Ligand SMILES: [Zn+2]
């Protein structure tokens with residue numbers, strides 16, 4: 001694929017066609033500006049995988065030409081991959097103060113705190129990241145300090161919205177900067193690249209005030225302990241909960257590392273100045289049940305999270321009992337439904353009441369619904385609209401909405417497509433390499449490499465191991481030792497072992513004189529024998545390991 005230096009290009013490497021792992025590139029004059037670098041969470045088809053990272057292969061020969069990485073906000077799907085992939089990029093990183101405070105805490109855990117140059121950017125102050133100039137525009141989202149980016153380049157303006165909503169009463173942090181949005185639209189915008197998360201939701205997204213009122217209603221009825229889980233970085237929600245706790249005479253206890261990290265970052269960035277003293281989790285037993293409001297991280301049923309351990313009754317300090325209540329003040333991210341249902345089910349089974357956003361108005365979205373998107377298009381009036389941040393269905397819905405808003409050129413894009421924004425006309429000019437990676441120990445490896453493939457096969461088909469002791473002439477000296485795991489149940493396994501022993505004795509007796517000295521060939525015949533027996537008896541294709549000892 002070829003492009004000219006004066007071409008202004010846009011390339012989504014992640015997030016266009018999926019929820020998560022947002023990575024976007026802009027090109028001009030041989031330089032690349034990266035916007036966001038997020039992760040995705042593994043699903044059930046990825047055993048042993050703790051993080052999914054974007055593949056940045058496309059940048060391999062452009063590393064020296066990366067002008068910088070600008071982060072729109074502090075959510076994992078926008079900055080979570082920085083600690084894993086920054087060593088490859090080695091470029092300056094820009095963001096608002098809360099975003100960088102969260103990132104700094106993560107970098108510390110990865111031993112990168114002093115290495116990554118972090119450049120705080122205040123709102124409404126253009127910063128030169130040559131040949132680009134980038135200005136942060138205040139937008140409300142479900143995290144403090146979120147920003148849309150005004151990218152000025154090639155005499156044009158691009159508005160990269162990041163995640164946003166309109167909320168006249170966000171409870172913490174500022175409202176979306178409507179005046180600046182109007183001025184931007186009046187000055188002329190070439191392209192708007194934006195959030196499709198709620199492009200299928202009619203109406204407008206409710207205010208955080210609605211969630212706060214719903215939480216107050218729900219909590220004031222409760223007589224036992226109340227535990228709530230929400231996104232740890234939703235500091236406005238934490239703030240609402242602190243206020244609600246005060247109104248109903250409860251004290252607040254935070255449980256979970258992610259929550260404490262978010263609170264620290266918020267304090268560092270000048271938020272939470274008037275918070276009351278919080279209870280220490282060590283004091284759980286001594287707090288009267290009706291006086292406790294517990295906030296725990298893990299709203300998505302994450303296996304090791306505090307809420308999951310509390311739900312399963314395995315948390316070392318916090319134990320709920322019949323008559324207590326748990327509120328899920330969050331939405332389910334697609335793919336996490338069954339993990340969340342498992343936690344809720346375990347709670348209900350122990351007599352603990354569970355309330356989620358379907359039962360009561362205790363959560364509001366941080367993303368724009370269709371009415372909000374229309375209002376944004378009316379202010380910005382871009383020449384080109386590029387919906388990102390969504391599955392193909394959401395992106396398609398956003399494309400249709402932008403077309404109905406009379407945007408002259410609407411691009412329905414997928415990860416890896418390269419589009420020329422300027423000079424006109426806008427046009428798709430090629431494809432960039434994309435993919436997914438993960439980490440194994442300290443290495444970053446392709447997601448669908450041999451490690452994951454092996455684990456998936458083990459999960460689906462189980463494993464058989466066999467040890468054979470042979471003499472110099474390839475004859476069995478003792479009965480083979482055979483062990484299976486996960487291929488069939490224990491009852492059937494003893495029949496299998498008996499049949500396998502006979503089959504292996506027969507196979508060894510029939511070994512041709514030419515191959516019985518060759519361990520590799522003997523292994524292959526033995527493995528084949530065991531595999532076909534496993535197929536016959538259990539209908540499975542297990543991973544087979546053979547050990548041959550010679551005496
Ligand atoms: Zn977000």
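The values are calculated or read from the model by the stated rules, or taken from the named source; none is laboratory data. Quantities reported herein were computed from a predicted structural model and do not represent experimental measurements. Note that we place each Cβ from the backbone using ideal geometry, even for glycine, and neighbour counts take in every protein chain shown.
Here are a few things to note about the model shown:
- Residue 259 vs. criteria modelled with pLDDT under 95, touching a strand residue (DSSP E or B) at 6+ places or on another chain (Cβ under 7 Å) and closer than 21 Å to residue 50 by Cα: yes
- Candidates 210, 229, 205 - the one that is touching a residue at least 40 places away in the same chain (Cβ under 8 Å) and under 14 Å from residue 295 (Cα atoms): 229
- Checking residue 388 against (1) in contact with a strand residue (DSSP E or B) (Cβ under 9 Å, 6 or more places away or on another chain); (2) under 24 Å from residue 231 (Cβ atoms); (3) away from the ligand (no atom under 16 Å from the Cβ), the condition it does not meet: (3)
- Residues that are over 26 Å from the mean Cα position of the chain (by Cα), away from the ligand (no atom under 16 Å from the Cβ) and assigned to a loop (DSSP other than H, G, I, E, B) occur in segment 131-152; there is at least one.
- Across segment 185-207, the number of residues qualifying as assigned to a loop (DSSP other than H, G, I, E, B) and under 26 Å from the mean Cα position of the chain (by Cα) comes to 11.
- Residues of segment 172-205 satisfying the condition of being more than 16 Å from the ligand (Cβ to nearest atom), buried (at least 18 other Cβ atoms within 10 Å of the Cβ) and under 30 Å from residue 268 (Cα atoms): 177, 180, 181
- Where residue 416 falls short, out of the listed (1) assigned by TED's automatic domain parsing to the domain that holds residue 78; (2) more than 23 Å from residue 163 (Cβ to Cβ): (2)
- Residue count for segment 468-495, restricted to those that are over 43 Å from the mean Cα position of the chain (by Cα), surrounded by 12 or more Cβ atoms within 10 Å (Cβ to Cβ) and within 19 Å of residue 543 (Cα to Cα): 3
To keep it simple, each residue is scored yes or no on (1) within 24 Å of residue 235 (Cα to Cα); (2) modelled with pLDDT under 95; (3) in a helix (DSSP H, G or I); (4) within 16 Å of the ligand (Cβ to nearest atom).
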site	(1), (2), (3), (4)
277	yes, yes, no, no
307	yes, no, yes, no
326	yes, no, no, no
334	yes, yes, no, yes
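- Output for segment 153-169, where each listed residue is within 16 Å of the ligand (Cβ to nearest atom) and either surrounded by 23 or more Cβ atoms within 10 Å (Cβ to Cβ) or outside any loop (DSSP other than H, G, I, E, B) (or both): 160, 161, 162, 163, 164, 165, 167
- Residue count, segment 85-96 (criterion: surrounded by 18 or more Cβ atoms within 10 Å (Cβ to Cβ), in a helix (DSSP H, G or I) and in contact with a helix residue (DSSP H, G or I) (Cβ under 9 Å, 6 or more places away or on another chain)): 2
- Here residue 222 qualifies as away from the ligand (no atom under 16 Å from the Cβ), in a loop (DSSP other than H, G, I, E, B) and buried (at least 18 other Cβ atoms within 10 Å of the Cβ).
- Qualifying residue in segment 113-133 (condition: out of contact with any helix residue (DSSP H, G or I) (no Cβ under 8 Å at 6 or more places or on another chain) and on the phi > 0 side of the Ramachandran plot): no
- Residue 53 being crowded, with 19+ Cβ neighbours inside 10 Å, modelled with pLDDT of 95 or more and over 16 Å from the mean Cα position of the chain (by Cα): no
- Whichever residue in segment 357-385 is within 16 Å of the ligand (Cβ to nearest atom) and part of a loop (DSSP other than H, G, I, E, B) and, among such residues, is surrounded by the fewest Cβ atoms within 10 Å (Cβ to Cβ): 365
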